[in-house]
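These notes concern the structure reproduced below.
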Amino acid sequence: MIDINQVSKWYGAFQVLTDCTTRIRKGEVVVVCGPSGSGKSTLIKCVNALEPFQQGSITVDGASVGDPKIDLNRLRSRVGMVFQHFELFPHLSIEQNLSIAQVKVLKRSSSEARTRSMALLERVGMKAHSHKFPSQLSGGQQQRVAIARALAMDPIAMLFDEPTSALDPEMVNEVLDVMVQLACEGMTMMCVTHEMGFARKVASRVIFMDRGSIVEDCPKEEFFGNAAARSDRAQQFLSKIL
Ligand code: ADP
Ligand code: MG
């Protein structure tokens, strides 16, 4: 589904990604972790072309992301993205936040879009808030709306970049619950997160990044189970967060 092949990227003279290769198959949930500044956000932004890269290739469902002719609206609707800071449209109601791109990008009628939006809001427990504006919601509620908004485009995969790290602790679980539910329904997911409880519960694989490189990429059981096989850097990192 997502094929990342020997991707390298520079910001000026600074190499932020070095030869990153991994493949995410349909239905897999891959958790990406690693120290701050290791390139996690940059790597997932490359997947939906929010950042260009200079070497290597990325394909999403067979379409090459680096191809200048790629339809970016289509790519970004096919690959939903959820950020740390929700980034809802502040001037639109919750329902409109979900409906606008369905109408503008997918060309759904407004009533069709609204029906889909309400069904998704129900799924993330936010239907009763559909008329409100983002500023009237808690962080956890806004993040659940952001997830529903991405799902409204019927994505084939979802990318998450630390979706719970800006939340107050009591709101983390309501967002993780939605993510767990998605994972259990078979959504293909690439999640940057340090929520190792989530990783243990639903990850197929865990990727550990350090200084722009993928240092480990292994099944969850191996990542958590076999301390002896872990790289020193992954071991150090895990000892700090577990
Ligand atoms: P992570 O998400 O793992 O914390 P990032 O992908 O955000 O890491 O950043 C990786 C490195 O790239 C960091 O050293 C960061 O300072 C640098 N970086 C990120 N964005 C830019 C940018 N727009 N210009 C220059 N350097 C950047
Ligand atoms: Mg980041």
Q) How big is Rg to Rh over the stretch 194-242, alpha-carbon atoms, Rh as the Kirkwood inverse-mean-distance radius? A) 0.92
Q) Using the Cβ atoms and a cut-off under 15 Å, what net charge is assigned to the surroundings of Met126, where Lys and Arg are +1 and Asp and Glu are -1? A) +3
(Q) Can you give the local net charge around Met1? Use residues other than it whose beta-carbon is closer than 14 angstrom to its beta-carbon, Lys and Arg +1, Asp and Glu -1. (A) +2
Q | Charge tally in the Cβ shell below 11 Å around Leu50, where Lys, Arg are +1 and Asp, Glu are -1, Leu50 excluded | A | 0
Q) What's the Kirkwood radius of the stretch 102-197 in Å, using all Cα pairs? A) 14.1 Å
(Q) For the chain, I need the span (max minus min coordinate) of the C-alpha atoms along each principal axis, in Å, sorted largest to smallest. (A) 54, 44, 31
Q.
Give me the three principal axis extents of the stretch 1-126 from the C-alpha atoms, as integers in angstrom, largest value leading.
A. 48, 32, 30
Q | Using a Förster distance of 22 Å, the FRET efficiency for Glu51-Arg25 (Cβ separation, nearest 0.05) | A | 0.40
**Q.** Equivalent ellipsoid semi-axes - Cα gyration tensor, the stretch 62-111, angstrom
**A.** 24, 16, 8
Q | Approximate spin-label separation Glu112-Arg200, in nm, with each point projected 7 Å along Cα-to-Cβ | A | 4.5 nm
(Q) Treating only the Cα positions of the stretch 34-73 as identical point scatterers, give the base-10 log of I(q)/I(0) from the Debye formula at each q in 0.17 Å⁻¹. (A) -0.46
Q) Of Val32, Val105, Val172, which has the largest mean-square fluctuation in a 10 Å C-alpha GNM of the chain? A) Val105
Q. From the cross-link list Lys40/Lys201; Lys40/Lys107; Lys107/Lys127; Lys40/Lys132; Lys69/Lys220, which pairs have alpha carbons spaced over 28 Å apart?
A. Lys40/Lys107; Lys40/Lys132; Lys69/Lys220
**Q.** Calculated FRET efficiency for the pair Gln181/Ala227, C-beta based, R₀ 35 Å, to 0.05
**A.** 0.70
Q) Quick one: if the Förster radius is 51 Å, what FRET efficiency do Lys132 and Ser8 give, using the C-beta to C-beta distance and rounding to 0.05? A) 0.70
(Q) What whole-number volume per residue, in cubic angstrom, does the convex hull of the C-alpha atoms of the stretch 54-161 give? (A) 113 Å³
Q | Coarse-grained scattering of the stretch 142-242 at q = 0.17, 0.21, 0.24 Å⁻¹, given as base-10 log I(q)/I(0) from a Debye sum over alpha-carbon atoms | A | -0.83, -1.17, -1.38
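Only the coordinates and a few stated rules stand behind these numbers; no lab work does. From a predicted model like this one, the values you see are computed outputs, not experimental measurements. FYI the Cβ positions are ideal-geometry reconstructions off the backbone, even for glycines, and counts take in every protein chain you see.
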